[in-house]
Amino acid sequence: MEAQLKNIASVWPQIKNIFSVPHTETEYNNIVSILDSLIDEVGENEDHPLSSLMESLGNLIETYENNNITSFSGNPIESLRFLMEEHNLKQSELPEIGSQGVVSEILKGTRNLNIRQIKKLSSKFNISPLVFIQDN
């Protein structure tokens, strides 16, 4: 165990900003940016060597958000419908989600938004991804 701790201590200064709970918005944004890159790399592949890193960073982000960001309570589908109406968008005008058929399935509730879609919608509408995540 002592050898493991020495190894960790030798690399910790280089990685502590990634693996520490963020306490400022800048630290939070840095970890979110790293997680975004990991999502692009790992996707939904649970066997990817970096998938556990993605999960760990997600937990650090969640800790920060629980302590610092007001939670959203709403329905992701209703939020999407509202945003479409607000921006006068048709189903075919949301390539971020996919084809018009995919958008239709999501709006009917027969298909859920995936991580990639949530990330793109959040960027398109400049809102938190939490708007599109169902809290069960």
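I'd like the full set of residues that are within 20 Å of the chain's Cα centre (by Cα) and surrounded by 14 or more Cβ atoms within 10 Å (Cβ to Cβ), limited to the stretch 77-101. The answer is 77, 79, 80, 83, 94, 96, 97, 98.
When restricted to residues that are without any contact (Cβ under 8 Å) to a residue 40 or more places away in the chain and not in a helix (DSSP H, G or I), the stretch 24-47 contains 4. Of the residues making up the stretch 96-136, just one is at positive phi and polar (S, T, N, Q), namely 126. Consider the stretch 63-74 and keep the residues that are under 19 Å from residue 112 (Cβ atoms) and surrounded by 12 or more Cβ atoms within 10 Å (Cβ to Cβ). The one that is farthest from the chain's Cα centre (by Cα) is 74.
Checking 116, 81 one by one, the residue that is touching a residue at least 24 places away in the same chain (Cβ under 8 Å), more than 26 Å from residue 18 (Cα to Cα) and of a type in the set (Lys, Arg) is 81 and no other. Filtering 52, 37 for residues that are under 13 Å from the mean Cα position of the chain (by Cα) and either among the small types (Gly, Ala, Ser) or surrounded by 11 or more Cβ atoms within 10 Å (Cβ to Cβ) (or both) leaves a single hit, 37.
Of the residues making up the stretch 19-33, just one is touching a helix residue (DSSP H, G or I) at 6+ places or on another chain (Cβ under 6 Å) and either surrounded by fewer than 16 Cβ atoms within 10 Å (Cβ to Cβ) or on the phi > 0 side of the Ramachandran plot (or both), namely 21.
Of the residues making up the stretch 52-75, those that are touching a helix residue (DSSP H, G or I) at 6+ places or on another chain (Cβ under 8 Å) and either in a helix (DSSP H, G or I) or at pLDDT 85 or above (or both) are 53, 54, 56, 57, 58, 60, 61, 64, 65, 68.
For the stretch 95-115, residues that are under 16 Å from residue 127 (Cα atoms) and not in a helix (DSSP H, G or I) total 3.
The values are calculated or read from the model by the stated rules, or taken from the named source; none is laboratory data. Since the structure is predicted, the reported quantities are computational estimates derived from the model, not experimental observations. In this analysis, Cβ positions are derived from the backbone assuming ideal geometry, glycine residues included, and neighbour counts consider all displayed protein chains.
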